[in-house]
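Student: One structure follows; several queries about it will come next.
The values are calculated or read from the model by the stated rules, or taken from the named source; none is laboratory data. Quantities reported herein were computed from a predicted structural model and do not represent experimental measurements. A quick note on method: Cβ atoms are made from the backbone with ideal geometry, for glycine too, and the neighbour counts reach across all protein chains shown.
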Amino acid sequence: MRFPRLLFACFATVVLTPASAVAQSGGAAANRAALLVSTAWLGEHLRDPNLVILHVGDPREYAASHIPGARLVEMSDVSVSDHSDPNALMLEMPRTDTLRAHLAALGISDNSRIVVYYAKDWVSPSTRIIFTLDYAGLGSHASLLDGGMGAWIKEGRAVTDVVPAPRTGTLTPLRTRRIIVDAEYVRASVAKPGVSIVDGRNAGFYDGVQTGGGMSGPHRTGHIASARSVPFSEVFNDAVGVRTNAELEALFTKAGVAPGDTVVGYCHIGQQTTAMLFAARILGHPVLLYDGSFEDWSRHADYPVEHPAEKKKP
């Protein structure tokens, strides 16, 4: 399964006892219900006064057609990327006061119920928005529309070209959550029990068959030492809906992520891996984002990298 637009935007096996398996399954079901909403649910709640719908996609396509009441949100609204500086990191979290102002400008208030949805293949930008809302302390108020606009249109639901009038929300100072980590934290977590560093890039980059790159040049080839691989594109099915809990659990188990592990995610620049982290949240894992991701790690020549493809050479 491919998400072409998103390529660069950005385990020890544990046998569960029947009781723990049931507990984990029940927790994942509750997490899924909190993190995802259906098209039916959204259709029933479109007129709720505290509902804020955020459309993630091409601005021109948004102008032509979007879910009624939805507001366009772009990555520049909720992240910092200095394209004029080749040494700057892309897609970093903004200052707390700046983020608060931008979220309020989207109409978000303390009591808002927020639904984020993706147009076409804009999946990982949407999960990055969800992660940012969680970082801002609004995670319990925010959900992703399962299947995105594609599912909405397929069911023949109403769309519009009417852009809602600007509305500024009322947000008290953000209580940001400590779910962003840096390179030193990740380096200290290499092979640490109870922590799984997980690469959310497509497998070719993890294996070292492909090499990523950014404004400052090519990234290193391979992956962070001890990292597991759960490609972001594997989290979604062919209809671009989130895979079932059983399918997600199988992905993480195959990668070697143990139940209860803290999942530290990274990718190219900190976007794609948020789709993987979203799945990890459904399964009940505590999650952390290495925001600088492999772009930052690659700038440290002494930080450990494993290159599976190189090892296979005769």
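Student: For a quick check of your reading: which helices (runs of 4 or more DSSP H) sit entirely within the stretch 224-314 and have at least 2 residues that are at pLDDT 95 or above and under 13 Å from the mean Cα position of the chain (by Cα)?
Tutor: Values: elements: 245-255, 273-282, 293-297, 308-311.
Of the helices (runs of 4 or more DSSP H) lying wholly inside the stretch 224-314, those with at least 2 residues that are at pLDDT 95 or above and under 13 Å from the mean Cα position of the chain (by Cα) span 273-282.
Residue-by-condition table, conditions (1) buried (at least 18 other Cβ atoms within 10 Å of the Cβ); (2) of a type outside the set (Asp, Glu):
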position	(1), (2)
ALA30	no, yes
GLY57	yes, yes
SER65	no, yes
ARG71	yes, yes
SER76	no, yes
THR96	no, yes
ARG100	yes, yes
GLY107	yes, yes
ASP121	yes, no
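Student: Next question. Would a scan of the stretch 170-187 turn up a residue that is assigned by TED's automatic domain parsing to the domain that holds ASN237, in a helix (DSSP H, G or I), among the aliphatic types (A, V, I, L, M) and modelled with pLDDT of 95 or more?
Tutor: yes
Student: Check off (1) under 30 Å from SER112 (Cβ atoms); (2) of a type outside the set (Lys, Arg); (3) surrounded by fewer than 20 Cβ atoms within 10 Å (Cβ to Cβ); (4) in contact with a Pro (Cβ under 8 Å, 6 or more places away or on another chain) for GLY200 and give me the number that stays unchecked.
Tutor: Failing condition for GLY200: (3).
Student: Here's something else I'd like to know. Name the helices (runs of 4 or more DSSP H) wholly inside the stretch 35-143 in which the number of residues that are aliphatic (A, V, I, L, M) is 3 or more.
Tutor: 96-105, 123-135
Student: Got a number for residues in the stretch 288-308 being surrounded by fewer than 22 Cβ atoms within 10 Å (Cβ to Cβ) and over 15 Å from GLU184 (Cβ atoms)?
Tutor: 5
Student: Now for a different question. State whether the residues of the stretch 144-165 include one that is modelled with pLDDT under 95 and surrounded by fewer than 24 Cβ atoms within 10 Å (Cβ to Cβ).
Tutor: For the stretch 144-165, residues modelled with pLDDT under 95 and surrounded by fewer than 24 Cβ atoms within 10 Å (Cβ to Cβ): absent.
Student: Scan the stretch 174-183 and tell me whether some residue there is under 18 Å from ASP302 (Cβ atoms), loosely packed, with under 14 Cβ neighbours inside 10 Å and in contact with a Gly (Cβ under 9 Å, 6 or more places away or on another chain).
Tutor: Yes, the stretch 174-183 has at least one match.
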